[in-house]
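The values are calculated or read from the model by the stated rules, or taken from the named source; none is laboratory data. Computed from a predicted model, the values in this text were never measured in an experiment. Here the Cβ positions follow ideal geometry from the backbone for every residue, glycine too, while neighbour counts run over all protein chains shown.
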Amino acid sequence: MKKILRNGLLAVTPLLVLAATPAGAQFYKGKSITVIINYGAGGPTDVEGRLIAKHLAKHIPGKPRVVVKNRPGAGGIVGTNFMAEVAKPDGMTVAIHTPPVMSQVLGDPGLKADFSKFEWLAGVGQPQVCYVRKDAGGGIKSTADITKISGFKAAGMRNTSSHDLRLRLALDLLGAKYTYVTGYRGLAKVSAAVLQNETQYSCGSVPNFRGKVEPTLIKPGIASTTYYYAPVGDDGSDIKFADLEGIMTFQEFYAKVKGGKPSGIKWDVLRFVNNLTTYMLRGSYVPKGVPAAALAELRTAWAALPGDKDFAAEYTKAFKAPPKIILAEGARKHIDSLKNVDPKIVAYLKEFSAAGKKK
C-alpha cells in the first residue's frame, strides 16, 4: 500500500476490470443517466463529482446524456437515503457521493441505507488537511500554539461524520482547549465560517483545501496549515502522500508539540476512522437489482478512468493532486470491512459521537 499511495494513483489489477458489454449491446445508447451528488453545489464533493461525471460519460458505451443533481443534507445522509429509498434499480440513477459510512458504523438513526445493499462501481481516495486562523485565541506565532491557546472554535458538519470525529479526536489527543461547533452543511460552508471568523479551526479534503482553503485563507496569510491525516500502516508508520510533501502528518505534528507518539483508545479510534475514510473518500454506486448490462457498462467506464490522460490532467490541475481510484472489487471489499469493526472501537465511537451531539 505504501508504494501505491506514494505513486499517487492506485494500481488497477485485471481482476477489477469487468469485461465490456458485447459489441452492439449498448444498454445506454439513446438514454439519459442522472448522477446524484449528496452535498451542495460548489462544495468539494460537487466539484469533484461533476468532474468525474464529465469524463465518465465519455467511456460509457452508447454515450448517454449525463445530468448531475445535488441532494444535500445531514452530512450526506439525505442523498444516500434517496439512493436507497427512491432511486429505481433501472440503471438510470448513479451516485457519486461522499458516503457517510461512519453513520452506518454508529447506527445513526437518520441513515436509512445499508451500504452493503448497493452495487458498487468504484471509489476515490483523498486525505484531509487541517488549518487554523493565525488570530485564533488572541493570536498564534506558530501552529504548535493550538495546544496553548484557549477559546478557539472548531467547525464541523455532523457529530457522526468522519470529518467531525477526526477533528475532535485529534484535538483531544493534542490537549487543545477548543469549542466544537457543528451543523455546517458541507466543507464549503465550513471553510467559509473560518474565513468569516465564526470559527477558527477545521479540516477539509484535498479538493476543498486546494480549491477553497488555500486561495482564501492560506495564501492571503489569514490561516496556517497544521497537519494532514495520513493513513497509518500496521507497523504504526504514516503512509504519506507525495502531493502533500511539506505538510506535516498528524503523527509528526504530535511529536513536535507533545513528544513521542500518540497512543491509547482515542488514537486507535482515530486511526480506524481515518484509514476507513481516506482510502475511499468518494464512492460511486447504484441500487441493488440494476440490469446486469447496465452494471457492466458503468464498471467498464470507471475502469477506463485511470488511463484517461485528459481526466488525470484536469483532476490534477483542479486539485493539485492525482486521482486515487479503486474500482468495483476494491470498493466492495472496503464496504465489507464495515461488518468486522472491533466492538470496542464501535462502543467508544458511539459514546464519543453522542458527547459531541450534546456540545
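Pick from ALA223, ALA176: which is hydrophobic (A, V, I, L, M, F, W, C) and either within 21 Å of the chain's Cα centre (by Cα) or surrounded by fewer than 24 Cβ atoms within 10 Å (Cβ to Cβ) (or both)?
Exactly one of ALA223, ALA176 is hydrophobic (A, V, I, L, M, F, W, C) and either within 21 Å of the chain's Cα centre (by Cα) or surrounded by fewer than 24 Cβ atoms within 10 Å (Cβ to Cβ) (or both), namely ALA176.
Quick one: how many residues across region 313-330 are without any contact (Cβ under 8 Å) to a residue 60 or more places away in the chain and either within 18 Å of ILE60 (Cβ to Cβ) or among the small types (Gly, Ala, Ser) (or both)?
1
Identify, from the list ILE239, ILE247, ILE218, the residue that is over 16 Å from PHE319 (Cα atoms), among the β-branched types (Val, Ile, Thr) and outside the structural domain of GLN26 (by TED's automatic domain parsing). Step through it out loud before you land on a result.
On the way: ILE247 fails: over 16 Å from PHE319 (Cα atoms); ILE218 fails: over 16 Å from PHE319 (Cα atoms).
Just a single option satisfies the conditions, and that option is ILE239.
Yes or no, residue by residue, for (1) touching a residue at least 40 places away in the same chain (Cβ under 8 Å); (2) among the hydroxyl-bearing types (Ser, Thr, Tyr); (3) crowded, with 18+ Cβ neighbours inside 10 Å:
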{"site": "LEU187", "(1), (2), (3)": "yes, no, yes"}
{"site": "LEU195", "(1), (2), (3)": "no, no, no"}
{"site": "VAL206", "(1), (2), (3)": "yes, no, yes"}
{"site": "LYS219", "(1), (2), (3)": "no, no, no"}
{"site": "TYR228", "(1), (2), (3)": "yes, yes, yes"}
{"site": "VAL232", "(1), (2), (3)": "yes, no, yes"}
{"site": "ASN274", "(1), (2), (3)": "yes, no, yes"}
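Which condition does GLY139 not pass, out of (1) touching a residue at least 40 places away in the same chain (Cβ under 8 Å); (2) closer than 30 Å to ALA176 by Cα, if it passes all the others?
Unmet condition: (1).
Any residue at all in region 293-311 that's assigned to a loop (DSSP other than H, G, I, E, B), more than 21 Å from GLY79 (Cβ to Cβ) and either assigned by TED's automatic domain parsing to the domain that holds LYS29 or β-branched (Val, Ile, Thr) (or both)?
Yes, region 293-311 has at least one match.
Checking LEU244 against (1) free of Cβ contacts under 8 Å to residues at least 40 places away in the same chain; (2) under 22 Å from the mean Cα position of the chain (by Cα); (3) surrounded by fewer than 22 Cβ atoms within 10 Å (Cβ to Cβ), only one condition comes out false. Which one?
Every listed condition holds for LEU244 apart from (1).
Out of VAL129, VAL105, report the one residue that is of a type in the set (A, V, I, L, M, F, W, C), in contact with a helix residue (DSSP H, G or I) (Cβ under 7 Å, 6 or more places away or on another chain) and modelled with pLDDT under 95.
On the way: VAL129 fails: modelled with pLDDT under 95.
Answer to the selection: VAL105.
Considering PHE209, PHE241, which residue is among the aromatic types (Phe, Trp, Tyr), modelled with pLDDT under 95 and either over 21 Å from LEU349 (Cβ atoms) or out of contact with any helix residue (DSSP H, G or I) (no Cβ under 9 Å at 6 or more places or on another chain) (or both)?
Numbers: PHE209 fails: modelled with pLDDT under 95.
After ruling out the rest, the residue left standing is PHE241.
Among (1) buried (at least 18 other Cβ atoms within 10 Å of the Cβ); (2) under 20 Å from the mean Cα position of the chain (by Cα); (3) under 28 Å from VAL105 (Cβ atoms), there is one condition PRO322 misses while meeting the rest; what is its number?
(3)
Wholly within region 29-126, which strands (runs of 3 or more DSSP E) include no fewer than the required count, namely at least 1 residues that are in the same structural domain as PRO287 (by TED's automatic domain parsing) and among the charged types (D, E, K, R)?
Details: elements: 32-37, 65-70, 93-97, 119-124.
Answer list for region 29-126: 65-70, 119-124.
What single numbered condition from (1) within 23 Å of ALA294 (Cβ to Cβ); (2) buried (at least 20 other Cβ atoms within 10 Å of the Cβ); (3) at pLDDT below 95 fails to hold for LYS63?
Of the numbered conditions (1) within 23 Å of ALA294 (Cβ to Cβ); (2) buried (at least 20 other Cβ atoms within 10 Å of the Cβ); (3) at pLDDT below 95, the odd one out for LYS63 is (2).
Is region 249-265 home to any residue that is surrounded by 17 or more Cβ atoms within 10 Å (Cβ to Cβ), within 30 Å of LEU56 (Cα to Cα) and touching a residue at least 40 places away in the same chain (Cβ under 8 Å)?
Looking for residues that are surrounded by 17 or more Cβ atoms within 10 Å (Cβ to Cβ), within 30 Å of LEU56 (Cα to Cα) and touching a residue at least 40 places away in the same chain (Cβ under 8 Å), one finds none in region 249-265, hence no.
Out of the residues in region 134-144 that are outside any loop (DSSP other than H, G, I, E, B) and more than 23 Å from SER162 (Cβ to Cβ), which is modelled with the highest pLDDT?
Of everything passing the filter in region 134-144, ALA136 is modelled with the highest pLDDT.
Do we have any residue at all in region 42-53 that's out of contact with any strand residue (DSSP E or B) (no Cβ under 6 Å at 6 or more places or on another chain), within 21 Å of LYS88 (Cα to Cα), aliphatic (A, V, I, L, M) and modelled with pLDDT of 95 or more?
no
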